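The values are calculated or read from the model by the stated rules, or taken from the named source; none is laboratory data. Only a predicted model underlies this, so the values are computations on that prediction, with no experimental measurement involved. Cβ sites come from the backbone with ideal geometry, for glycine too, and all protein chains shown count toward neighbours. Accessible surface areas use protein heavy atoms only, side chains included; no ligands, DNA or RNA. Shrake-Rupley method; radii C 1.70, N 1.55, O 1.52, S 1.80 Å.
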Amino acid sequence: MARKNTPPWKQHTDRGQDQQQRAVPPVLPRIVLEAVSADTLIATVNDDKLTASPIARAEFHKTLSELVARLGTPPRVEVRELDGTVHADILTPPLPAADEPAPGEPETARRAAPDLVEFAGDGYVPGEDVAIAVILRHTSADHTGQARALLDRAELPGGPGELILLGRISETLSIHRAD
């Protein structure tokens, strides 16, 4: 998929829709697991000890998986065995679940898009606070005296009911069916 006048290092190939592109930092975090006995390893991340005590070799995969997921970026992993052999690889963190934000993404990103419903009433004093009952919050009347409330259906009590807009100054009351 080469493009004319595009340097080779800027060209990329499409590996399928199910694989998302990831930003790779210019310097990868480095995880080193060094064997201190046949059954235990010492872990360091960027030359900082991960734990004060060695990790059991049986817990190695679990610890490594959690660490890679927590970093949120591909790290270089080295396993240094007692016999001097070194195994190295770059591991890719798992894709975030659909209901979980990507690393660095705000907490609000995991919520589903709101299903808004609108209620409006007339006769309010311009600028007055208008209560929304079941009182979830307040809104203000605009310059013409109209109040408007936008709510996510998830905020409404379950089942059919009524919603009230109540002017705090004018005491204007507007009752709406919430189905």
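A few points about this structure:
- Close pairs from the stretch 106-127: first under 14 Å from residue 172 (Cα atoms) and acidic (Asp, Glu), partner modelled with pLDDT of 70 or more and in a strand (DSSP E or B), Cβ under 8 Å, at least 6 apart: 122/174
- Number of residues in the stretch 53-90 that are open to solvent by 30 Å² or more (accessible area, probe 1.4 Å) and not charged (D, E, K, R) equals 17.
- Inspection of the stretch 36-52 identifies no residue that is more than 30 Å from residue 178 (Cβ to Cβ) and modelled with pLDDT under 65.
- The stretch 40-52, subset of a type outside the set (Lys, Arg) and open to solvent by 70 Å² or more (accessible area, probe 1.4 Å), residue farthest from residue 94 (Cα to Cα): 52
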